[in-house]
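Asker: Sending over a structure as structure tokens; questions will come in a sec.
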């Protein structure tokens, strides 16, 4: 069943929580994975998202679709996670000296939507996406990885369709530059 096949309740109730999790857990995980590019972190974020959804179900306003609301929570959690990681990464000399893990590049990043023969290209693309500014990376991920249209992206990012178009154009331009430099090195 795809996201478009799911009929969303007008105002979800706590009794609907199990159905919400079953319907949206793959989308939440894949979106988080597309942003943080680490499966363990994406699993943690997925849990955090559904805890937040459960706690906020009574506060849900019908101004947006449930899917948009869940996307927003996912995006905010994933970006917050990225910011915390950056703060920890640059948090102190001793941490950096004794850190055994290189957080700059995902070691064996695998997104479930990438076919086996495209793994190497996808890995290069996802590493390049990490170099984009957050808003550009988010818009690009939501469009190219999640398959959302510009209006949906604008709603999730609380911005205009024109701003999304601009972010996507800048993201494509920056990726062309980054990837051109990568392919020159080969």
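Just so you know, all these numbers are worked out from the coordinates, no wet-lab data involved. If you're wondering where the values come from, they're calculated on a predicted model, not measured in any experiment. We place every Cβ from the backbone using ideal geometry, glycine too, and count neighbours over all the protein chains shown.
Asker: At 0.36 nm per residue, and after removing the present C-alpha to C-alpha distance, how many nm does the segment from residue 40 to residue 149 gain when stretched out fully?
Answerer: Length difference between fully extended and current span is 36.5 nm.
Asker: Suppose R0 equals 22 Å; then what is the FRET efficiency for residue 163 and residue 131 from their Cβ-Cβ distance, rounded to the nearest 0.05? Can you show the working numbers first?
Answerer: Working: r = 21 Å, r/R0 = 0.95.
Using R0 = 22 Å, I get an efficiency of 0.60.
Asker: What FRET efficiency comes out for the pair residue 61/residue 83, r = Cβ-Cβ distance, R0 = 25 Å, nearest 0.05?
Answerer: That gives a FRET efficiency of 0.45.
Asker: Now for a separate question. Going by the alpha-carbon gyration tensor, a ≥ b ≥ c the square roots of its eigenvalues, is region 110-186 rounded (a/c under 1.5) or, if a/c is not under 1.5, prolate (a/b greater than b/c) versus oblate?
Answerer: oblate
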